[in-house]
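This report refers to the structure that appears directly beneath it.
What follows is calculated from the coordinates using simple rules that are stated; it is not laboratory data. Bear in mind the structure is a predicted one, so any value in this text is a computation, not a measurement. Every residue, glycine as well, gets a Cβ built from its backbone with ideal geometry; the counts of neighbours run over all protein chains shown.
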Amino acid sequence: MPASAELVADKGYDSQALREWLVERGTEPVIPPRKNRKIQYNYDRAIYKQRNVIERMFCRFKDWRRIATRFDRNVRNF
């Protein structure tokens, strides 16, 4: 797959090795630095704010799956 322009991740993915690999690949890391990091990296806050849109989409997929399959309303389960 071709490299993406940005990689948006939360603070749990803030590691130097990942940042170096992304820059080497040609991808801009949009990862907020951890509070205790000695070097506080800058990141695009506007792009990072849009991360919740993707998370909400996956939550909706999970809800729709439950409604579409109706596993919890099957007579066999009771």
Approximate spin-label separation Y41-R25, in nm, with each point projected 7 Å along Cα-to-Cβ:
1.2 nm
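Can you tell me the alpha carbon radius of gyration of region 6-45 divided by the globular rule-of-thumb value 2.2 N^0.38 Å? Mind dumping the intermediate values first?
Values: Rg = 9.4 Å, N = 40, 2.2 N^0.38 = 8.9 Å.
That works out to 1.05 for region 6-45.
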